[in-house]
Amino acid sequence: MEFKNPQEELERFQGRIGFAGGFVLFCFVLLFARFVWLQIVQHDYYRTRAEENRISLVPIVPNRGLILDRNGVVLARNYSAYTLEITPSKAMNMDAVIDDLSQIVEIQPKDRKRFKKLLEESKNFESLPVRTRLTDDEVAKFIARRYRFPGVDIKARLFRQYPMGAFASHLLGYIGRVNDNDLDRIDDEDQEANYRGTEHFGKTGLEQHYEFELHGQTGFEQVEVDAGGHAVRTLASTAPIAGNNLTLTVDAKLQEVAEKAFGDRRGALVAIEPSTGGILALVSTPNYDPNLFVDGIDPSNWDTLNNSPDKPLVNRALNGAYPPGSTFKPYMALGALTIGKRKPEQTIFDPGYFAFGNHTFHDDKKGGHGTVDMYRSIVESCDTYYYMLANDMGIDNIANFMRQFGFGQRTGVDIEGESEGVLPSPDWKKKRFKRPEQQKWYAGETISIGIGQGYNAYTPIQLAQAVATLANNGVMYRPHLVRYITDTRSGDKTLIEPKPLRTIPLKQENIDIVKRAMVGVNKEGTGARAFAGAEYVSAGKTGTAQVYSLKGEKYAEGHVKQELRDHALFIAFAPADQPKIALAVLVENGGFGAQAAAPIARQVFDYYLLGKLPKDAAAEDDTDEEGD
Amino acid sequence: MLRRLWLRLVDPLDQPLMMIAGLLLLYALIVITSASPDRVPAQMLNMVAALFFMRLMAQVPPQRLMHLALPSYALGILLLVAVALFGDVSKGAQRWLNLGFMRVQPSELMKIAMPLMLAWYFQKHEAMLRLRDYAVATILLLVPVALIARQPDLGTAILVLAAGFYVIFLAGLSWKILAGLLISAVAAAPLAWNFLHDYQRARILTLLDPEKDPLGKGFHIIQSTIAIGSGGILGKGWGQGTQAQLEFIPERHTDFIFAVLSEELGLIGATVLLVLYSLLIARGLMIAANAPTVFTRLLAGSITLIFFTYAFVNMGMVSGILPVVGVPLPFISYGGTALVTLFFGVGILMSIHKHRMLVQK
């Protein structure tokens, strides 16, 4: 109970008012302190945040570098075209949208299938092409009805194009849409910023190996955006820098001659300039059309390529490992001379077989070659000579000598995923097999190594590198496809400097002995028919690699199914005294090397050395020829 | 002749108060012209209406106001109940009552009716204030607050609660009980949490960590603090605020207009506003301190402190130290209702000041 006392009442009220005033002041000081904190102390931070809000960087994807052959023929280029794209997250009922679109623009079932596949692989917020290469007419039709299709838009994009189609596909490779693996690689190279906006990435071949050269520098446009993300105006822009152009060591015309020489046969050819290691042609047949892959391959084309028994997607030149057959013999001979196991004039008698323990190794020629020296052993391709030689040299000597020529090692060519092959040795066997009885090297196994059979397995590019090294008198180069890289902005050329990998310690007289014998092969031996009438002196060696073990039966081509026929091989270089080109040819299931492979080499040499184009496209020589 | 008319027009007006209010309106026009130029004419009309009501209230003597206290309070309660039963739902809240010819927001009426009612109540029991009277006043306060809070309209509920609380505080509720209330309020906070709507809880959580949900609930607070902070001392210049002009600031002409002001006019601009508010409040408190009767004192004090509450809650919210509640920046934010209510208050203050002698006589 309080009684009224006006004066006391007023004083108390004024006290309360005073307190309230103090409280107001306190709160306002608190606010002021907050403003000082935000606007002075933290000002820089918030200014940056405001700028980040305001400015959005829109990437401008650079033109991808071109790929040109050594003479400037364009092998890969870009063209600009309109695509019809759908952003899945913005389009409601995808099938209905595509149905509606197909009323305006032609959309084939294969476009739909390809789009479905892209849809499965992609994130929802990127726009995906449902049709590429729209005509101007189609573009106009769509634009008039654009309002009906939220989330669908026309975009002008650069496309990769391989103008020669199914040509040199295994060396060029192709680009495809960026996937998670590619993102990892971009990450590893610290290129995330530069790949903002980039949708394509080299998947195989040169496109893959030189991805970061070809890509170029992404440009950026600084755009002021509002809170809704709409561009208000452009503030600044940095132009993109086109990717570097690749000029290859490859001669497109030579490549074409070589590819045509294969006809529809499966196989591989690698031609190298011995003095540099520059690859003049790299063929793996069948080819495929790399254009199919550029914007996502449609499933039916993919199935055709992937399921074909001819395996067109396999790069046989780098990933096929084949026994070298008799093409191994010149190196065996050179090894024997080098370690002193044979003298060139030293002869053996060949009765047509070599008996070792209770096993008989047959010579290809019934009745044998008789008395054979080193020259004849190569020219006539005498197996017995090399059965004996392998036995005399021993597996360790063979493996150590062959290793110097690069057999069983990756060559380091500028394409990814090269296979290693197998250079057989006791060590290799120990690593290769698990059970102890399998790990042991048997002396009998050495015998067939001598004629390039047994565990021997090499890629065509290894065979080419070896023959180029032999042609170059033991000076070995890394095979490579790119001659120089051109900076598109400055025009500066970066030469891929051919540096010798190593010089194999060989005596020139020994090399000359082997080379002379290889010249003999093309003059009077197994390669003579293929090189009859050649206007240059060439050196070669035929080979036949067994696919099917005949167990002592006589091999008769006509009686064996095509897939089980032997692989035909040929290694050669020309001109013999001053080699400009060295090559290895392999024709899968081609039969004898002399028949199937050597004529291809002849066409390639004729064109490269004389500029002569073959009269007939197919190069099969049907006449029987004894030995290989 | 004209001069005499003018003098008669301005005679009841308190000059200092008029000057401060005028400067605030001018400031408001400057900021709204940048934030939302299209709305300037409409807001000028609102200002004219608000000044009209101010002038109207300024000549109503406090005794007449006392008669209005009970009816306006009763009407307010009635309308709030009506809203709860038949109100229009907008933005998930039931705040409006559609009278057919117009939509009214009864909670706005309560902002004035509440202090009127309580000041009248304490005036009536002036002779001997007992604890019971404070209890009755508290009940008179909490009924409408509860009705408004469950609409839900937390902002208005807080303002009405504050208005009533100021009356009770100024009426002289003992410090011991105030302390007790404070302690029990803190203790009851977890309990109150359960009564909050999800969106209200979210706002409080957002205040604690706005970056947790930068595109959702935290967006407003993040963008407004960026706007304020990026303004720096001098600001980016009028019309040059990127946060404001590129629409990163939500509600930039209404509840978040302070972010626009701070971004474009900087710490200087914000300080000018704080000073204007301080002057307004100082003048209001002075009027209260010199008011002749319990009713006028309590009414003037409460109205003045409501101005403060508006300003503090809004700036605190926009600068990220208080949770987001729908309270406009007094005198500056675009909108007619709040402006009219505020000038109603200014008019009452003027009337109290003008009539202080008359009562004593």
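Looking at region B:292-324, which of its residues are buried (at least 24 other Cβ atoms within 10 Å of the Cβ) and facing chain A (nearest Cβ under 9 Å)?
Scanning region B:292-324 gives B:Val294, B:Arg297, B:Leu298, B:Gly301, B:Thr304, B:Leu305, B:Phe308, B:Ala311, B:Met315, B:Ser319.
Taking B:Ile168, is it in a helix (DSSP H, G or I), at pLDDT 85 or above, within 14 Å of chain A (Cβ to nearest Cβ) and surrounded by 14 or more Cβ atoms within 10 Å (Cβ to Cβ)? Show your work before the answer.
Working: in a helix (DSSP H, G or I): yes; at pLDDT 85 or above: yes; within 14 Å of chain A (Cβ to nearest Cβ): yes; surrounded by 14 or more Cβ atoms within 10 Å (Cβ to Cβ): yes.
Yes; evaluated as a whole, the condition is true for this residue.
Can you say whether A:Leu550 is of a type in the set (A, V, I, L, M, F, W, C) and modelled with pLDDT under 85, as far as the supplied structure shows?
Considered against the rule, which asks whether it is of a type in the set (A, V, I, L, M, F, W, C) and modelled with pLDDT under 85, A:Leu550 comes out as yes.
Which of the residues that make up region B:24-74 are exposed (fewer than 15 other Cβ atoms within 10 Å of the Cβ) and of a type in the set (Lys, Arg)?
B:Arg64, the sole residue that qualifies.
Which condition does B:Ile281 not pass, out of (1) more than 9 Å from chain A (Cβ to nearest Cβ); (2) more than 23 Å from B:Ser72 (Cβ to Cβ), if it passes all the others?
Among (1) more than 9 Å from chain A (Cβ to nearest Cβ); (2) more than 23 Å from B:Ser72 (Cβ to Cβ), the lone unmet condition for B:Ile281 is (1).
If we scan region B:201-208, do we find a residue that is within 21 Å of the chain's Cα centre (by Cα), more than 13 Å from chain A (Cβ to nearest Cβ) and among the small types (Gly, Ala, Ser)?
no
What pairs can you find where one residue is in region B:245-272 and touching a residue at least 40 places away in the same chain (Cβ under 8 Å) and under 23 Å from B:Gly336 (Cβ atoms), the other is charged (D, E, K, R) and part of a loop (DSSP other than H, G, I, E, B), and their Cβ atoms are less than 9 Å apart, with a gap of 6+ or different chains?
If the second residue must be charged (D, E, K, R) and part of a loop (DSSP other than H, G, I, E, B), the pairs left are B:Ile257/B:Glu251; B:Ala259/B:Arg252; B:Val260/B:Arg252.
Looking for something touching a residue at least 24 places away in the same chain (Cβ under 8 Å) and not in a helix (DSSP H, G or I) - is there at least one such residue anywhere in region A:256-264? Lay out the reasoning, then the answer.
Start the filter on region A:256-264 by keeping residues that are touching a residue at least 24 places away in the same chain (Cβ under 8 Å), which leaves A:256-263.
With not in a helix (DSSP H, G or I) added as a condition, the list becomes A:263.
There is at least one residue in region A:256-264 that is touching a residue at least 24 places away in the same chain (Cβ under 8 Å) and not in a helix (DSSP H, G or I).
Name the strands (runs of 3 or more DSSP E) wholly within region A:127-240 that hold at least 3 residues that are touching a strand residue (DSSP E or B) at 6+ places or on another chain (Cβ under 6 Å) and in contact (Cβ under 8 Å) with a residue 60 or more places away in the chain?
A:152-161, A:219-225, A:231-238
Kindly indicate whether any position in region B:109-116 is buried (at least 18 other Cβ atoms within 10 Å of the Cβ), at pLDDT 90 or above and within 25 Å of B:Phe258 (Cα to Cα).
The answer is no; no qualifying residue exists.
Within region A:1-18, which residues are facing chain B (nearest Cβ under 7 Å) and modelled with pLDDT of 85 or more?
A:Arg12, A:Phe13, A:Gln14, A:Arg16, A:Ile17
Return only the number of the condition from (1) farther than 19 Å from A:Gly165 by Cα; (2) surrounded by fewer than 19 Cβ atoms within 10 Å (Cβ to Cβ); (3) in contact (Cβ under 8 Å) with a residue 40 or more places away in the chain that A:Lys253 does not satisfy.
Only one criterion in (1) farther than 19 Å from A:Gly165 by Cα; (2) surrounded by fewer than 19 Cβ atoms within 10 Å (Cβ to Cβ); (3) in contact (Cβ under 8 Å) with a residue 40 or more places away in the chain is unmet by A:Lys253, namely (1).
Please go through region B:255-275 and give me each residue that is surrounded by 19 or more Cβ atoms within 10 Å (Cβ to Cβ) and more than 9 Å from chain A (Cβ to nearest Cβ), ordered by number.
Answer for region B:255-275, where residues must be surrounded by 19 or more Cβ atoms within 10 Å (Cβ to Cβ) and more than 9 Å from chain A (Cβ to nearest Cβ): B:Asp255, B:Phe256, B:Ile257, B:Phe258, B:Ala259, B:Val260, B:Leu261, B:Glu264, B:Leu265, B:Gly269, B:Leu273.
From the residues in region A:34-72 that are more than 10 Å from every other protein chain (Cβ to nearest Cβ) and more than 21 Å from A:Gly197 (Cβ to Cβ), which one is surrounded by the fewest Cβ atoms within 10 Å (Cβ to Cβ)? Steps first, please.
Initially, region A:34-72 is screened for residues more than 10 Å from every other protein chain (Cβ to nearest Cβ), giving A:56-72.
Still in the running and more than 21 Å from A:Gly197 (Cβ to Cβ): A:67-72.
Details: A:Ile67: 28, A:Leu68: 20, A:Asp69: 23, A:Arg70: 18, A:Asn71: 12, A:Gly72: 9.
Only one residue tops the list, namely A:Gly72.
The values are calculated or read from the model by the stated rules, or taken from the named source; none is laboratory data. All values reported here derive from a predicted model rather than from experimental measurement. Note that each Cβ is placed from the backbone with ideal geometry, even for glycine, and that neighbours are counted across all protein chains shown.
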